[in-house]
Amino acid sequence: MKMKKIIFTSVIAILLAITLIPSTCNASSSVLGKAGVSERTEGNWKKLSTKKQIEIKKNIPKKYRGTWYAWNVLANRKERIRIDARSFQYAYRNKNGRYVVLDQYSGNRLATWKTKYNHLSVNYILKTKKNNQYKIFEENFTLSRTKKGVRITLPSSWIEMINHNTHVTFRKKLKRPAMVKNNMTKEFLSKKTLISRYFKSKDVYYMMSFNKKMTHMLFNSQSIWSNSGPDIGNDVADLSAGGDSSGYGVIEKVTFKGNRVTLIVLAPASMVKTYYKIQLERISKQYIVVTKIEKGQNSFNGNKVNRTPSLFGIRFVPTGIYKN
């Protein structure tokens, strides 16, 4: 009899644990980005007026609600926002076709108010204290309703990490921009600093720039969160100037053909003569991609020319793009 009571008590405990686990997870995921972009560890204290305190508790207006889509050209992926009366979610679709949440505000900590331009500011409250003081999470989104859809102003810290546009228009139906192949020119490359998106798995993004005469290339790998430096491949380590603006790699040969340019670069970080062959393809007015170079017996001046597999398929865009 005692044994039966013990077994019965154990089963009840297990069932209660199973019941409680989903609710705990849901409570956590309702305020945290699953992709780890928004850690929600910092914020700024703000004193809100009585009028604004009433406003932050109101539902999001109906004109913003629904599911809206956009195409992120830099990351080459589909993204969406879901807006309900008391929730705002920003997510992207991964290679498996599943959506990964980057940021999500919901529940009683969701705060929205109108800006001076009559737009809607979506915020997250970290803490509250006396005297109408609210600690607001430093990353927030500003929404404006247009004829095309919902226009979003992204948090400043997202510009290099996520999209590199300050404004993105989300539509009811996805509008994927056509990749028109513009000719690759010296003028296009020599006037801009090119930047890749942020790769969370390696805590790295890349920067690339050229001098006006296309005789030198400056390449840098930058870390965002880690103090130990980014996780990069040997080929990228050889090319990287390590933050030294004078550490240009010498471009030994450059060939323009259509929308592509092929470079043979002497690695600045190598103690011996190490050459790399890099091919850039211009896929639109602003965006370029590092194309794959097949393995082969490449040589230059009697030295072996290496490939850059760590960069294959990575897209770059000039810094300072603010249109979409």
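Only the coordinates and a few stated rules stand behind these numbers; no lab work does. Values in this document were obtained by computation on a predicted structure and should not be read as measured data. Neighbour counts are summed over all protein chains in view; Cβ atoms, including those assigned to glycine, are modelled from backbone coordinates with ideal geometry.
What is the log10 of I(q)/I(0) for region 186-318, computed with the Debye formula using one identical point scatterer on each Cα and no solvent, at q = 0.14, 0.15, 0.19 Å⁻¹?
Log-scaled intensity ratios, in q order: -0.59, -0.68, -1.14.
Would you mind getting me the FRET efficiency between residue 77 and residue 234? Use the beta-carbon distance for r and R0 = 22 Å, nearest 0.05. Walk me through the numbers on the way to the answer.
Values: r = 27 Å, r/R0 = 1.25.
For R0 = 22 Å, the calculated efficiency reads 0.20.
Starting from the Cα of residue 62, step 7 Å toward the Cβ, then list every residue of region 111-130 with an amide N under 19 Å from that point.
120
Through the Karplus equation 6.51 cos²θ - 1.76 cosθ + 1.60, θ set to phi - 60°, convert the phi angles of region 175-188 into ³J(HN,Hα) values in whole Hz; use x for Gly and Pro.
10, 7, x, 6, 8, 7, 8, 7, 5, 7, 10, 5, 4, 5
List the lysines whose alpha-carbon lies under 22 Å from that of residue 130, not counting same-chain residues fewer than 8 positions away?
Counting by Cα, and skipping residues close in sequence, residue 130 has these lysines nearby: 46, 47, 51, 52, 57, 58.
Taking the Cα-to-Cβ direction at residue 167 and at residue 214 and moving 7 Å from each Cα, how far apart do the two end points lie in nm?
Calculated label separation equals 3.4 nm.
Given the Cα-Cα distance of residue 115 and residue 95 and 0.36 nm per residue of separation, how much length would full extension add, in nm? Present the calculation step by step, with values, prior to reporting the outcome.
Numbers: separation 20, 0.36 × 20 = 7.20 nm, distance 3.67 nm.
Here the segment from residue 115 to residue 95 would lengthen by 3.5 nm.
On average, how much area does the Cα convex hull of region 94-197 cover when viewed from any direction, in nm²?
Mean orientational projected area (region 94-197, Cα hull): 10.7 nm².
List, in order, the whole-Hz ³J(HN,Hα) value for each residue of region 135-143 obtained from phi through the Karplus relation with A = 6.51, B = -1.76, C = 1.60 and θ = phi - 60°; use x for Gly and Pro.
Ordered by residue, 3J(HN,Hα) equals 8, 9, 4, 5, 8, 8, 10, 10, 10 Hz.
On full extension of the chain, what length is gained from residue 132 through residue 175, given 0.36 nm per residue of separation minus the C-alpha to C-alpha distance?
Going from the current span to full extension adds 11.2 nm.
Give me the aspartates and glutamates in straight-line cross-link reach of residue 114: C-alpha distance below 16 Å, same-chain residues under 8 apart excluded.
55
May I ask you to order 172-183, 267-278, 82-93, 57-68 by the average number of other C-beta atoms within 10 Å around their residues, highest value first? Intermediate values should be presented prior to the final figure.
Working: 172-183: 11.5, 267-278: 16.8, 82-93: 18.3, 57-68: 14.2.
So the order, starting with the most tightly packed, is 82-93, 267-278, 57-68, 172-183.
Pull out a ≥ b ≥ c, the square roots of the eigenvalues of the alpha-carbon gyration tensor of region 99-152, then state rounded if a/c is under 1.5, prolate if not and a/b is larger than b/c, and oblate in the remaining case.
Judged from the Cα gyration tensor, region 99-152 comes out oblate (a/c at least 1.5, b/c at or above a/b).
Tell me which lysines have Cα within less than 18 Å of residue 192's Cα, excluding those fewer than 8 residues away on the same chain?
212, 213, 285, 323
Of the peptides 303-309, 99-105, how do they stack up when ordered by the mean number of other Cβ atoms within 10 Å, highest first?
Details: 303-309: 16.6, 99-105: 20.1.
Descending mean neighbour count gives 99-105, 303-309.
With both partners inside region 186-318, how many of the DSSP beta bridges are antiparallel, as a percent to the nearest 5?
Just about 95 percent of them are antiparallel.
Take the Cβ-Cβ distance between residue 299 and residue 225 as r, set R0 to 51 Å, and report the resulting FRET efficiency rounded to the nearest 0.05.
FRET efficiency, residue 299 to residue 225: 0.80.
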